[in-house]
1. On the given criteria, is residue B:330 touching a helix residue (DSSP H, G or I) at 6+ places or on another chain (Cβ under 8 Å), more than 10 Å from chain A (Cβ to nearest Cβ), over 19 Å from residue B:279 (Cβ atoms) and buried (at least 24 other Cβ atoms within 10 Å of the Cβ)?
2. When you go through B:385, B:295, B:339 one by one, which is the residue that is surrounded by 19 or more Cβ atoms within 10 Å (Cβ to Cβ), in a helix (DSSP H, G or I) and in contact (Cβ under 8 Å) with a residue 60 or more places away in the chain?
3. So, in the range B:118-128, how many residues would count as being exposed (fewer than 14 other Cβ atoms within 10 Å of the Cβ) and either farther than 28 Å from residue B:184 by Cα or modelled with pLDDT under 90 (or both)?
4. Can you pull out every residue in the range A:88-109 that is surrounded by 15 or more Cβ atoms within 10 Å (Cβ to Cβ) and either under 21 Å from the mean Cα position of the chain (by Cα) or free of Cβ contacts under 8 Å to residues at least 24 places away in the same chain (or both)?
5. One residue is enough: does the range B:20-37 have a residue meeting the conditions at positive phi, free of Cβ contacts under 8 Å to residues at least 24 places away in the same chain and surrounded by fewer than 17 Cβ atoms within 10 Å (Cβ to Cβ)?
6. Please give the number of the condition residue A:276 fails out of (1) within 14 Å of chain B (Cβ to nearest Cβ); (2) part of a loop (DSSP other than H, G, I, E, B); (3) farther than 27 Å from residue A:127 by Cα.
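The values are calculated or read from the model by the stated rules, or taken from the named source; none is laboratory data. Since we're looking at a predicted model, the values are computed, not measured. A quick note on method: Cβ atoms are made from the backbone with ideal geometry, for glycine too, and the neighbour counts reach across all protein chains shown.
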């Protein structure tokens, strides 16, 4: 029991947000009379929040590096608009259009990263300017109107589902199978991790506790995929999200680049004197943010099936809020990809849940604002206590 | 006893692990200029912080009698209320406010919260006249030099009806002319009945102006000299400041010095902002394998600037000169190159420049050489734990484990983490900037032991330290630096505190 308590205490901020998320879900599940966790609504939740979650991952790196990016909503909009012009107006092949759009995002990120990292204009100012510039360019390029519709292959990115190879009746068997495959991979991973830990003579979780942990995660995982399977299966965009989450978790926890981002955010001077190429790292972080903003813009355009001038407004605020609710530090150097995802889901479930029980958009904004404030206050409080 | 304005009796102040002051006594006569001298770390500033209430009553033991009344200051406001004003070494002026606004900051001439600017300006003009500063009250602090800023500080003190003025190194940053003006002003204030306590390293200045001199060493009062009765020379003061038992404070080392491993030739660097100022002026130094070389000098001598400019050009502009490692010229244009060429720089300020305080010990240790435990950019975290654990044991870092945050460690253990970080880069040359600043005696001994260990592995060590005994106790050779120049080089045998001080002071007088 002692080690369970220790485990809990060491990960309190991580777990507290998971607990909060579960609490919020239970609350809305009850108040919405069971609609929240219906297969259709779960699928909707994923589709509705995908573009914010994509942004939140990039934003997390930005915030960990002790920077900020206010321009992502505008960047998403301008890239969506240009994609519309290329694919709809000029009949460009969809794949080529997507690749060019992502490159454009990288270019925009490089532009802003240049000012921030090398000219040392504060990120707040640079990206505030970017927010205006790229919103303006969106209006210019769309001439104030929307372009629609995208070819169906483009729409599939957001609205499609992976095909069922087994032709299940009322149950998407491929989805269940994928759930089982992921379960097997996860269990293998845990076993391998434990083996290396023992090889290196490190402390390991007691066997009983590990089994409980694995069981819990396996149950939640399979339940989740089963619920999806009852409806239409796995949305394409969920595949995209899972790949991105895996990729960025890997980058942040396993690579030297990830370490450099955290070190830079924790203490830039010390990082520089330890050989971290700080300017280069900041630049890369913004290039990456640009690419993800572009991707987010594409996913949003595909979901809307049109490129509109007002796309992406307030996205930046949702993405930033997701990171902070997920435990990222306002002083840089602290934050996790999973935290940002959970933070994004907290916001997403609240949006969805409040709509389900008929809370007006006016009150939704107010409540979301309060949640952000309380989450960050909690973070500041727990840190001042541990220091 | 009425001519004694201030008496501090048996003041003892301890920080966790260090006794900064032990039974210090200080008696200041009404209307005199009383100098307080001692080496860096002797306890001068700590004593003044006790007096002014920065360290509140209860955090030290002993008594303070001011004008024959027992004082128990809980904060600076209370001591200022009685007329004790301290002017710190780092000036506490707001650069983008005017002279008048600064003088009356926190003490505004106002009625019902509304500032009376006419009264403010009038009083400022009076005060500026008193200190002999010919500037408009509306001039911004940022637009006047350090010397004039010092005068504004004094004017600010005068605005508070000061009875006892404490000046902490007021002339350290001033040129000769400004210093002279300031000294004259202090003498002038004395004639107006204001008592001053002057902390200074410029001993020739002190021997001229002070009425009595109290010498502190290692947190204890050594003696108080009366300049009227005895003819006090600079040599006499230095003798009081130094001369301590060096036995057993430094672990013994068998030196086996090899060939030159590291050499800097004709090194010149300019200040990054005031680009005409040379921070390093034609410096030539070398370090042999298995040798500990020291650089002595006062604060601001350019030692840290030298080290940082060498270490991947991390400081300064228009850097010029040559660096040789094992006889081959290298161009260390960034920190990465410096590290790859076997150089390590243990920074002076471990909190600001050395550590990521929010990160754990493990992450700090591996940061400067992640490539050692990485394959194609992916960190092997198991290797990281093994290496960190080894270093933790080797350097005896006291912690709950390598996952403890470095921000929660004691100073000595933080310093060991910084050392671990650089040992992890497998350097050949280690530059250590104030390696034992602010850590207790026991931890110091451990750091010295680690240094000896490194020397045994034939590494070259360059120590920058403001504590002369440390340099004398640890080094095989000592360079003396001042104002960006190397003034001389002393072997362990010929070096003594007097000789080093003499070299510095002589140059100081010569300019």
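1. Against the criterion (touching a helix residue (DSSP H, G or I) at 6+ places or on another chain (Cβ under 8 Å), more than 10 Å from chain A (Cβ to nearest Cβ), over 19 Å from residue B:279 (Cβ atoms) and buried (at least 24 other Cβ atoms within 10 Å of the Cβ)), residue B:330 does not qualify.
2. Testing whether each residue is surrounded by 19 or more Cβ atoms within 10 Å (Cβ to Cβ), in a helix (DSSP H, G or I) and in contact (Cβ under 8 Å) with a residue 60 or more places away in the chain leaves just B:339.
3. Number of matching residues: 1.
4. A:92, A:98, A:100, A:101, A:102, A:104, A:105, A:106, A:108, A:109
5. So far as the range B:20-37 goes, no, none of its residues is at positive phi, free of Cβ contacts under 8 Å to residues at least 24 places away in the same chain and surrounded by fewer than 17 Cβ atoms within 10 Å (Cβ to Cβ).
6. (3)
Let's see how each residue does on (1) surrounded by 10 or more Cβ atoms within 10 Å (Cβ to Cβ); (2) touching a strand residue (DSSP E or B) at 6+ places or on another chain (Cβ under 6 Å); (3) within 14 Å of chain B (Cβ to nearest Cβ):
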| site | (1), (2), (3) |
| --- | --- |
| A:167 | no, no, no |
| A:173 | yes, no, no |
| A:182 | yes, no, no |
| A:200 | yes, no, yes |
| A:203 | no, no, yes |
| A:222 | yes, no, no |
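Each row is one residue, and each column tells you yes or no for (1) touching a helix residue (DSSP H, G or I) at 6+ places or on another chain (Cβ under 6 Å); (2) surrounded by 21 or more Cβ atoms within 10 Å (Cβ to Cβ); (3) closer than 30 Å to residue A:129 by Cβ; (4) modelled with pLDDT of 90 or more.
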residue: A:26; (1), (2), (3), (4): no, no, no, yes
residue: A:29; (1), (2), (3), (4): no, no, no, yes
residue: A:32; (1), (2), (3), (4): yes, no, no, yes
residue: A:49; (1), (2), (3), (4): yes, yes, yes, yes
residue: A:56; (1), (2), (3), (4): yes, yes, yes, yes
residue: A:65; (1), (2), (3), (4): yes, yes, yes, yes
residue: A:72; (1), (2), (3), (4): yes, yes, yes, yes
